[in-house]
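For reference, the structure I am asking about is given below.
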Amino acid sequence: MWLTVKFNTQPATKKQKTIGCVSLVVIIVAIAVLLLSPSPAKPPSESLVYAHAQLIVEDYLKAPATAKYPGSDGYTVTKINDYEYTVASYVDSENSFGAIVRSRFVVGISYNEDWTKYKATSVIIDAEKYL
């Protein structure tokens, strides 16, 4: 027993071509919307919060280019609430006389709701409050 398959060899009508083009455009637009829509905002990692704290501290140092910060075992990040953190650590940097000194700091950081901006809410370096 043989199965015979017959293909439609008739050319597509104008209506069929239009439906095909519209379908293709709809599919392309749907893919573009999915790819270009922003991903949901998520909080920064502890290491990123620490990096932001370092940038804030450098604004208060005499020689920020000489700053050396400890690695992952030399800082603590504490989450205060959904958008606020406190970072405690130290930095070794040159003072105004060129000597390397260690300064301990605690920085409060606040983020906006979509995590794209941050600001210092408090800055304490060697027990002196700057902000």
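Of everything in region 21-53, what is polar (S, T, N, Q), modelled with pLDDT of 90 or more and out of contact with any Ser or Thr (no Cβ under 8 Å at 6 or more places or on another chain)? Give them in sequence order.
We begin by selecting, within region 21-53, every residue polar (S, T, N, Q); these are 23, 37, 39, 45, 47.
Now narrow it down to the ones that are modelled with pLDDT of 90 or more: 45, 47.
Scanning region 21-53 gives a single hit, Ser45.
Also: Within region 81-96, work out how many residues are of a type outside the set (Gly, Ala, Ser) and under 16 Å from Ser47 (Cα atoms). Explain how you work it out, then say what you get.
If we filter region 81-96 for residues that are of a type outside the set (Gly, Ala, Ser), which is where we start, we get 81-87, 90-92, 94-95.
Remaining after also requiring under 16 Å from Ser47 (Cα atoms): 83-87, 90-91.
Number of matching residues: 7.
Which of the residues that make up region 76-103 are of a type outside the set (Gly, Ala, Ser), closer than 16 Å to Asp126 by Cβ and surrounded by 12 or more Cβ atoms within 10 Å (Cβ to Cβ)? Let's see the steps before the verdict.
As a first pass, look at region 76-103 and keep what is of a type outside the set (Gly, Ala, Ser): 76-87, 90-92, 94-95, 97, 100-102.
Filter once more, keeping what is closer than 16 Å to Asp126 by Cβ: 87, 90-92, 94-95, 97, 100-102.
Once the filter is applied, which keeps residues that are of a type outside the set (Gly, Ala, Ser), closer than 16 Å to Asp126 by Cβ and surrounded by 12 or more Cβ atoms within 10 Å (Cβ to Cβ), region 76-103 yields Val87, Tyr90, Val91, Asp92, Glu94, Asn95, Val101.
Give me a count of the residues in region 76-126 that are closer than 15 Å to Val57 by Cβ, in contact (Cβ under 8 Å) with a residue 12 or more places away in the chain and not β-branched (Val, Ile, Thr). First the steps, then the outcome.
Step one: list which residues in region 76-126 are closer than 15 Å to Val57 by Cβ, which gives 76-77, 85-95, 101-109, 118-126.
From the residues that got through so far, the ones that are in contact (Cβ under 8 Å) with a residue 12 or more places away in the chain too are 76-77, 85-95, 102-109, 118, 120-126.
After this cut, where a residue has to be not β-branched (Val, Ile, Thr) as well, the list is 85, 88-90, 92-95, 102-105, 108, 118, 120, 122, 126.
Summing the residues that are closer than 15 Å to Val57 by Cβ, in contact (Cβ under 8 Å) with a residue 12 or more places away in the chain and not β-branched (Val, Ile, Thr) in region 76-126 gives 17.
List the residue pairs whose Cβ atoms are under 6 Å apart, where the first residue sits in region 59-73 and is surrounded by 10 or more Cβ atoms within 10 Å (Cβ to Cβ), the second is assigned to a loop (DSSP other than H, G, I, E, B) and not hydrophobic (A, V, I, L, M, F, W, C), and the two are 6 or more positions apart or on different chains.
Note: pairs meeting the criteria are Tyr60/Tyr130; Lys62/Asn95; Lys62/Ser96.
Within region 81-131, track down each residue that is acidic (Asp, Glu), at pLDDT below 95 and touching a Phe, Trp or Tyr at 6+ places or on another chain (Cβ under 8 Å).
Glu113
The values are calculated or read from the model by the stated rules, or taken from the named source; none is laboratory data. Please read these numbers as outputs of a predicted model, since none were measured by experiment. Cβ coordinates were reconstructed from backbone atoms using ideal geometry, including for glycine residues, and neighbour counts include every protein chain displayed.
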